[in-house]
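**Q** Next up is a structure, given as structure tokens.
The values are calculated or read from the model by the stated rules, or taken from the named source; none is laboratory data. Note that the structure is a prediction, hence the values are computed from the model and not measured. Glycine also receives a Cβ, built like all others from the backbone with ideal geometry; neighbour counts cover every protein chain displayed. Areas reflect the complete protein model, heavy atoms only, side chains present, ligands, DNA and RNA absent. Shrake-Rupley method; radii C 1.70, N 1.55, O 1.52, S 1.80 Å.
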Amino acid sequence: MTTPTPVSPNPPAPDSSERLAPSAHPPTPLAGPLVKRPRPRSEHPLVVTLDKASAPRCAFSGDRLVEIDLPAGTRVVYPRPPIEPLRDVDAAIRYALNHPLGSDPFHAKLRPGMKVVIAIDDISLPLPPMRRPDVRERVLTVVLQMLADHGVEDVEIIIATSVHRRMTAAEVRHIVGDRIFKTYWPKRLYNHDAEDPKGMKLVGATDQGEVVELNRKAVESDLLVYVNLNLVPMDGGHKSVGVGLCGYRSLRAHHNPRVMRDCWSYMDPGASALATSVDRMGRLVESALNVFHIETTINNRMFDTPLGFLHKNEDDWTAGERAAFKGMSYALTKLPPSARQAIFERVPSPYGVTGVFAGECEAVHARTLERCHAQYLVPLRGQADILVCGVPYISPYNVHAYLNPLLVQVMAHGYLFNLYRGAPVVRKGGTMIVLHPCTDAFDKEQHAPYIEFVHDVLPQTRDAMVMHRDFEEKFATNPAYIEMYRKGHAYHPAHPFFMWYWGEAARQHEVRTIVVGADNDYIPKLLGWETANNVTEALAMAQGNTADPEVTMLHVPPIVMADVTV
């Protein structure tokens, strides 16, 4: 367990970092035409420049762990150490409710006989799932007790799935805890249904014509409480209610190629067309509804002791840690995919809660972003010609399912490319080298619409605008897929299109993508990617006309985001 720190008010996050490697050595250039760029020499301690004596780097390739050799001069960007968690999370929750930002205290909003709806984030966060008690359970426990103390009995809890799949009963129980589950499930604790014709209600439209349609119970409540778990800066804020409780009619205002193309970075939402649209719709929500936001932040302690070495620079591994890596990587090569996935899913992550903020939407989210930036941002000087990333086994959209080819694309182009603030880590026209088997495999329940998208739509076009014009609505209104979304555990049929659009920023950045470790050629070609047998071969392919290419590796997971200055 990590050592706690004081709680109220939330303390500022430390800015110190571990020293991960010896001083940087001059890079060893690759052979090629003489096109050189100056190298930044002053770096943050978490930006490690490899030399000839450096150990191989560890990376995920789906549900396997592999070692990769990178040339001397490669910069490796490591995550910050986990921020120390709050000493008393329950006290922090009560403090936030009684001392909200830009709002009256929570208890002042309550009166006997009122209708209260509590919305909570779904299973897409955190990744991997959080060790119990989940912070959402802790917030719900305090909030529900305060409601009872003030005579509020008409309470419902909605899981804000938007067009994500419905959560199973076991997954809900893990998030809310046994007592709340037994008391409220399934009549007063349930999944949002974006396709229920009687369950949605029009709130209005923005001055840009964006339609805001939300869950009827939430709209008609006297008080809507949104409980957020913020893993990265792309979550929370106006996205909570305006996206989590909406349906396809509202999502298509911003989940489209035009907006996604202009979505610069999750870390810089103010510069994002996506954020601008979501904020407009969110401000309409805040003006029309009585909303009280509760946002929580966690640290990046994804791995407990058995996998704790994944947080560290490989040059600092102990003999025991190196043996543990060797043993695990070998074992994973011998196990079938289902067993490999089970190993990683068996142990939830020991995240620590680092902040609780409550009150008015924008005031709360500003504090949340500060805490997220303190945990994830690592300064990086200069962009790279080549960005190397291992693609792990999990994303927000495949919990308890295989990471299918479309989601590999989302991880590479939608998430890993966008792990920056200021400017992309890779230059325009540069190359991403990603590691993943790209197996042509799908969870037939969760990702039923994905199968048709990958094997019918992608062979016809990779142009997001053509997809949006010619295919999206046909999928989105498919009655069979909608029934699977509403009654089963499938993602909404529009969701695979959103997943392709999510990679639009990288494609517009003209990023060349080379995948290492693919077990077939078909899927990479379908995605518009090239293949290489190993990282050395991929680097040679990526070198192009640059004699001394700047190579940078993002060492994820845990999450790290580069604060890039050009």
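**Q** What FRET efficiency comes out for the pair K444/F344, r = Cβ-Cβ distance, R0 = 22 Å, nearest 0.05?
**A** Calculated transfer efficiency: 0.55.
**Q** So, by mean Cβ neighbours within 10 angstrom, what's the order for 256-262, 227-233 with the highest one leading? Each step should come with its number before you reach the end.
**A** Values: 256-262: 18.7, 227-233: 24.7.
Peptide ranking by packing, descending: 227-233, 256-262.
**Q** So, counting K/R as plus one and D/E as minus one, what does the shell of residues with Cβ under 13 Å around C58 add up to?
**A** The answer is -1.
**Q** Could you give me the ³J(HN,Hα) list for the range 360-367, computed from phi with Karplus coefficients 6.51, -1.76, 1.60 and θ = phi - 60°, whole Hz, x at Gly and Pro?
**A** So the Karplus estimates, Gly and Pro as x, are 6, 3, 6, 5, 5, 5, 4, 5 Hz.
**Q** Still on this structure, I have one more. Quick one: grab the alpha carbon gyration tensor of the range 336-382, order the square roots of its eigenvalues as a ≥ b ≥ c, and give me rounded if a/c is under 1.5, else prolate or oblate depending on whether a/b is larger than b/c.
**A** oblate
**Q** Here's another thing I want to ask about it. Which value in nm describes the separation of the simple spin-label points at T477 and M328, placed 7 Å from the Cα toward the beta carbon?
**A** Label-label distance for T477 and M328, simple model: 4.9 nm.
**Q** In nm, to one decimal, how far is the modelled label at K198 from the one at R469, with both set 7 Å along Cα→Cβ?
**A** 4.1
**Q** Compute the angle between helix 273-288 and the longest alpha-carbon principal axis of the chain, please, reported from 0 to 90 degrees and rounded to the nearest 10.
**A** Rounded to the nearest ten degrees, it is 10.
**Q** Further, regarding this structure: With labels modelled as points extended 7 Å from the Cα through the Cβ direction, what inter-label distance (nm, one decimal) is found for H400 paired with R283?
**A** In this crude label model, H400 to R283 measures out at 4.0 nm.
**Q** Using amide H atoms built 1.01 Å from N in the peptide plane, name the residues 5+ places from G73, or on other chains, whose amide H lies under 5 Å from its own.
**A** Correct list: T28, L50, D51.
**Q** Same structure, new question: By how many degrees, between 0 and 90 and to the nearest 10, does the Cα long axis of helix 89-98 differ from the longest principal axis of the chain?
**A** Its long axis makes an angle of about 50 degrees.
**Q** On the protein heavy atoms, probe 1.4 angstrom, tell me the percent of accessible surface of the chain carried by carbon and sulfur. Walk me through the intermediate numbers first.
**A** Details: 11280 of 21430 Å².
Carbon and sulfur atoms account for 53 percent of the accessible area of the chain.
**Q** Taking Cα centroids, how far is the range 289-307 from the range 173-245 in Å?
**A** 18
**Q** For the chain, what does the helix formula give at 222 nm: sum of -39500 (n - 2.57) over DSSP H segments with n ≥ 4, over the residue count, nearest 500 deg cm²/dmol?
**A** Helix-only estimate at 222 nm: -8500 deg cm²/dmol.
**Q** Still on this structure, I have one more. On a straight-distance basis, which lysines could pair with K312 in a cross-link, Cα separation under 26 angstrom, same-chain partners fewer than 8 positions away excluded?
**A** Once the sequence-local lysines are set aside, what remains near K312 is K52, K326, K334.
**Q** I'd like to check one number: the per residue accessible area of the chain, probe 1.4 Å, reported in Å² as a whole number. If you can, show how the numbers build up before the last one.
**A** Working: 21430 Å² over 566 residues.
That works out to 38 Å² for each residue.
**Q** Given a cut-off of 20 Å, name the pairs among K201/K239; K109/K201; K239/K474; K109/K187; K115/K187 whose C-alpha atoms lie farther apart than that in the structure shown. The partial results should precede the final answer.
**A** Numbers: K201/K239 18 Å; K109/K201 24 Å; K239/K474 26 Å; K109/K187 25 Å; K115/K187 15 Å.
Over 20 Å Cα-Cα: K109/K201; K239/K474; K109/K187.
**Q** Defining a contact as two alpha carbons under 8 Å apart and six or more residues distant in sequence, what relative contact order in percent does the chain show?
**A** Relative contact order, the chain: 23 percent.
**Q** Here is a further query. If r is the Cβ-Cβ distance from N98 to D69 and R0 is 56 Å, what FRET efficiency results, to the nearest 0.05?
**A** Values: r = 55 Å, r/R0 = 0.98.
That gives a FRET efficiency of 0.55.
**Q** Can you tell me how the range 378-506 classifies by the Cα gyration tensor, rounded, prolate or oblate, using a/c under 1.5 as the rounded cut? Please list the in-between numbers first.
**A** Values: a/c = 2.33, a/b = 1.76, b/c = 1.33.
Because a/c hits 1.5 or more and a/b exceeds b/c, the range 378-506 counts as prolate.
**Q** Can you tell me how the chain classifies by the Cα gyration tensor, rounded, prolate or oblate, using a/c under 1.5 as the rounded cut?
**A** Here the chain falls in the prolate category.
**Q** Right, something else. Expressed as a whole number of Å, what is the distance separating the alpha-carbon centroids of the range 322-345 and the range 492-566?
**A** 24
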